Amino acid sequence: MTAATVGFVGLGLMGQGFTQRLIEKGHRVIGFDADERKTKAAVAWGVTPANSAVEVAEATSIILVCVINTAAVEYVALGPRGLIAACSPAGKIIVDHSTTELEATKRIATSLEQRGMMFVDAPVSGGPGAAKAGTLAIMAGGAGAAITRITPIMRDLGSMTHMGPVGTGQTTKLVNQTIVLTNYCVLAEALRLAQCYGVDAAKIPQALKAGFAGSNMLGPVFPQMLAEDFAPRGFVRQVLKDLELLQAAAAAGHLAMPMASQALTLYRLLVASGKSELDAAAVVTLYPPGSAL
């Protein structure tokens with residue numbers, strides 16, 4: 001595609017991967033993070049720094065957002081120095097790649113649309129590595145016109161599926177998190193089972209790859225757990241935040257989700273034990289090794 005000037009708000013682990021990929025594909029990126037150190041660090045890989053979210057919006061027509069939680073998205077979008085404060089907002093598109101509470105997503109979209117801006121909720125799956133490699137799964141909710149305009153940029157970041165109107169992207173992300181976050185816990189149990197009975201756990205991913213147990217998670221996550229490599233690809237605290245969102249959605253829909261509820265309990269324990277800054281794979285530390293008789 002023709003190179004574009006893209007705005008980006010949120011330069012943490014995911015934002016770093018996103019912006020490096022965009023620059024690698026020839027785009028100019030104007031970026032901002034509330035943590036000034038992250039904004040300055042991003043200059044090293046080619047990001048043009050901005051001093052606020054509104055400054056990003058003034059300089060670009062498509063602004064991608066990837067921040068830590070719903071409150072941060074609301075502040076970036078609707079705060080006094082937020083995207084909504086742009087002098088000429090008409091026609092600008094805000095693409096939220098964060099994982100955000102459903103009703104807040106709709107509220108933010110409505111407020112931006114009243115200023116003539118378009119909004120797409122487009123949460124992602126794959127982690128920082130996939131962001132940098134351009135292999136993210138992107139689940140998008142929004143109007144067709146907005147989706148059409150952002151599609152060329154999204155192609156550089158991964159595979160986007162238009163799920164429907166605003167809110168359907170976040171709903172799809174909750175489906176994704178139901179599968180992914182409970183799977184961390186299942187993999188931890190499977191690892192301890194293998195170790196308990198003397199199986200070389202390092203061989204498990206290869207042994208199971210061709211069968212139904214083979215998955216995008218088994219290959220990378222099982223070795224992480226085995227090596228106790230908990231350098232964050234995504235933080236435990238973020239997993240807990242997403243599981244809390246999932247719990248709230250389940251309660252609002254009167255849904256029984258016992259597996260997700262158990263994962264929520266485990267990640268609450270993990271955060272309470274002081275491991276919030278580790279990778280999600282650290283859930284295995286809650287499972288003591290067994291000893292076969």
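No lab work stands behind these numbers, since they all come straight from the coordinates. Note that the coordinates shown come from a computational prediction; the quantities given were computed from them, not determined experimentally. Here the Cβ positions follow ideal geometry from the backbone for every residue, glycine too, while neighbour counts run over all protein chains shown.
Give me the dipole magnitude in Debye, nearest 20, for the chain about the Cα centre, with unit charges on the beta carbon: positive for Lys and Arg, negative for Asp and Glu.
Values: 23 positive and 21 negative charges, 72 e Å.
Charge dipole, the chain, about its Cα centre: 340 debye, nearest 20.
Modelled spin-label separation between Ala133 and Ala59, with each label point placed 7 Å from Cα along the Cα-to-Cβ direction: 3.1 nm.
Placing a pseudo-label 7 Å from each Cα along the Cα-to-Cβ vector at Ala252 and Ala3 gives an inter-label distance of 4.2 nm.
Rounded to the nearest 20 Debye, what is the dipole magnitude of segment 171-286 about its Cα centre when Lys and Arg each give +1 and Asp and Glu each give -1 at the C-beta? Don't skip to the answer; put the middle values down first.
Working: 9 positive and 8 negative charges, 28 e Å.
Roughly 140 debye, rounded to the nearest 20.
By the compact-protein rule of thumb, 2.2 N^0.38 Å, the alpha-carbon radius of gyration of segment 149-210 corresponds to a ratio of 1.71. Dipole of segment 1-151 computed with +1 at Lys/Arg Cβ and -1 at Asp/Glu Cβ about the Cα centre; of Ala104, Ala50, Ala4, farthest Cα towards the positive end is Ala4. Stretching Cys196 away from Ile179 to a fully extended chain increases their span by 3.6 nm, per 0.36 nm per residue minus the current alpha-carbon distance. Each Lys and Arg contributes +1 and each Asp and Glu -1, all at the Cβ; summed about the Cα centre of segment 190-238, the dipole is approximately 140 debye.
Putting +1 on Lys and Arg Cβ atoms and -1 on Asp and Glu Cβ atoms, find which of Leu174, Leu278, Phe32 reaches farthest to the positive end of the dipole of the chain. My answer, from the dipole projection, is Phe32.
With both labels modelled 7 Å from their Cα along Cα-to-Cβ, the Asp35 to Thr110 distance reads 3.4 nm. Taking 0.36 nm per residue of separation and subtracting the Cα-Cα distance, full extension of the segment from Ala210 to Arg28 would add 61.4 nm. Ordered from longest to shortest, the equivalent ellipsoid semi-axes for segment 5-165 are 20, 18, 14 Å, each the square root of 5 times a Cα gyration tensor eigenvalue. Report, in whole Å, the centroid distance computed from the Cα atoms of segment 261-292 and segment 85-106. Rounded to whole Å, the Cα centres lie 34 Å apart. Counting only the Cα atoms, segment 109-249 fills a convex hull of 138 Å³ per residue.
Highest mobility in the GNM of the chain, judged by mean-square fluctuation with C-alpha springs under 10 Å and restricted to Val175, Val283, Val56, is found for Val175.
When every Cα-Cα distance of segment 1-84 is counted in 10 angstrom steps from zero, the calculated P(r) takes the values 21, 57, 21, 1 percent.
Assuming a ≥ b ≥ c are the square roots of the Cα gyration tensor eigenvalues, decide whether segment 171-286 counts as rounded (a/c under 1.5), prolate (otherwise, with a/b larger than b/c) or oblate. The partial results should precede the final answer.
On the way: a/c = 2.05, a/b = 1.48, b/c = 1.38.
Verdict is prolate for segment 171-286.
Among the trypsin sites (Lys or Arg not before Pro) within segment 200-258, those in coil by DSSP and having at most 15 neighbouring Cβ atoms inside 10 Å are Lys209.
With N as its number of residues, the chain has a Cα radius of gyration that, divided by 2.2 N^0.38 Å, comes to 1.05.
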